[in-house]
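Here is the structure we will look at, set down as structure tokens.
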Amino acid sequence: MPKVSTKELFEKAYGGGYAIGAFNVNNMEIIQGIVEAAEEENAPLILQISKGARSYAKHEYLMKLIEAALELSGLPIVVHLDHGDSFELCKAVIDGGFSSVMIDGSHLPFDENIALVKKVVDYAHPRGVPVEAELGKLAGIEEHVNVSEKDAIFTNPDEAQEFVERSGCDSLAVAIGTSHGAYKFKTEPQLDFERLHQIEEKLPGFPLVLHGASSVLKEFVDMCNQYGGKLPGAMGVPESMISEAVKTGVCKVNIDTDLRLAMTAEIRKAFVENPENFDPRKYLGPARTAIKEMVKHKLHVLNCVGKAK
Ligand code: G3H
Ligand code: 13P
Ligand code: ZN
């Protein structure tokens, strides 16, 4: 099975009431854990690589690992750039074999964001690579203040329509209350579903993307702390909200933090329970299994089990 592009996966996901999981990868164990889970659940898959992951593991190593995953699994897998921050980075990964890119100009003024996305689109499309863009800001915990500030930070539905038309992007990451990392909410988690539905009405059939979608499951935070971690009380997006969002326009859901927590909890446990061990396979092996179990669980939350073939 060759690498696939997000375009064909999103077309099916939009009508099918499910989303594709986009999981961040940094090394072999993470790739193997994710791909084994998708294989067992027969789910389409997006493996995404951030700028930081690419400089940590090196482009060539990650591509070869993913090539092996494609060959062994037979799954439709997208290789996607997560949060590309420049035209040059997008060009480099397109030239280097990625099948999808994100250019994140969400910090720029509206017209500058459009101009940057359009420049990437003009390079990517003739090469068969779709482009994800972002409009609105994924506010961190400190920025969640009041209703009027929401309008300045979250994605404006009218602007979203104009942005898509003028930039030519193929999918759009929207800000409706999620944020990156483990500390998303101070009190009750709240997503602006009304805004999401307004965006969907303005952009019928157009794939939307949810970043910052980890749920920060208490079980794994507690497990980290039980084995010597010092994570403060964390709060993520309840999985019921994610399941709700994927029923309509949200076709791609980004998850990294939940995998990091599952992996770290298992490694901490292995160190505490086997202090005499110094064979990396004896802690990275269980960590890989923890990633696999977490991804299987997420594939059910996203309702994409059985949708690969
Ligand atoms: O949203 C960003 C992803 O969690 C990747 O994080 O830049 O630390 O690799 P990173
Ligand atoms: P989380 O930090 O919630 O896992 O979000 C990951 C993400 O959006 C990657 O782009
Ligand atoms: Zn993100």
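Observations on the model:
- Applying a threshold of 9 Å to beta carbon distances and a minimum spacing of six or more residues, or different chains, the list of pairs starting in segment 196-216 at a residue that is closer than 16 Å to Lys247 by Cβ and in contact (Cβ under 8 Å) with a residue 60 or more places away in the chain and ending at one that is within 13 Å of ligand 1 (Cβ to nearest atom) and hydrophobic (A, V, I, L, M, F, W, C) reads Val209/Ala22; Val209/Met102; Val209/Ala173; Val209/Val253; Leu210/Ala173; Leu210/Val253.
- Among residues of segment 31-85, those that are within 21 Å of Val253 (Cβ to Cβ) and within 16 Å of ligand 3 (Cβ to nearest atom), counted: 14
- Odd one out for Gly16, checked against (1) within 27 Å of Arg281 (Cα to Cα); (2) surrounded by fewer than 19 Cβ atoms within 10 Å (Cβ to Cβ); (3) in contact (Cβ under 8 Å) with a residue 60 or more places away in the chain: (1)
- Criterion violated by Val272 - all others in (1) hydrophobic (A, V, I, L, M, F, W, C); (2) away from ligand 3 (no atom under 16 Å from the Cβ); (3) under 16 Å from Tyr183 (Cα atoms) satisfied: (3)
- Of all residues in segment 157-181, those that are of a type outside the set (S, T, N, Q), part of a loop (DSSP other than H, G, I, E, B) and under 14 Å from Leu196 (Cα atoms) total 3.
- The residue list Tyr14, Tyr56, Tyr61, Tyr18 contains one member that is within 16 Å of ligand 2 (Cβ to nearest atom) and among the hydroxyl-bearing types (Ser, Thr, Tyr), which is Tyr56.
- Considering only residues in segment 159-181 that are crowded, with 19+ Cβ neighbours inside 10 Å, over 14 Å from the mean Cα position of the chain (by Cα) and of a type in the set (Gly, Ala, Ser), the one that is nearest to ligand 1 (Cβ to nearest atom) turns out to be Gly177.
Residue by residue, here is whether (1) within 16 Å of ligand 1 (Cβ to nearest atom); (2) closer than 23 Å to Ala290 by Cα; (3) touching a Cys at 6+ places or on another chain (Cβ under 9 Å) holds:
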residue: Glu41; (1), (2), (3): no, yes, yes
residue: Ser50; (1), (2), (3): yes, yes, no
residue: Leu62; (1), (2), (3): yes, yes, no
residue: Ile77; (1), (2), (3): no, yes, no
residue: Ser86; (1), (2), (3): yes, no, no
residue: Leu108; (1), (2), (3): no, no, no
residue: Asp111; (1), (2), (3): no, no, no
residue: Val117; (1), (2), (3): no, no, yes
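- Segment 233-264, residues that are touching a strand residue (DSSP E or B) at 6+ places or on another chain (Cβ under 6 Å) and farther than 14 Å from Lys298 by Cα: Ala234, Gly249, Val250
- Only one of the numbered conditions (1) in contact with a Gly (Cβ under 8 Å, 6 or more places away or on another chain); (2) surrounded by fewer than 22 Cβ atoms within 10 Å (Cβ to Cβ); (3) assigned to a helix (DSSP H, G or I) is violated by Ser106, and that is (3).
Laboratory data are not the source of any read-out in this text; all were calculated from the coordinates shown. Remember, predicted model here, so these are calculated numbers, not experimental data. For neighbour counting, all protein chains shown are included, and Cβ atoms are generated from backbone atoms with ideal geometry for every residue, glycine included.
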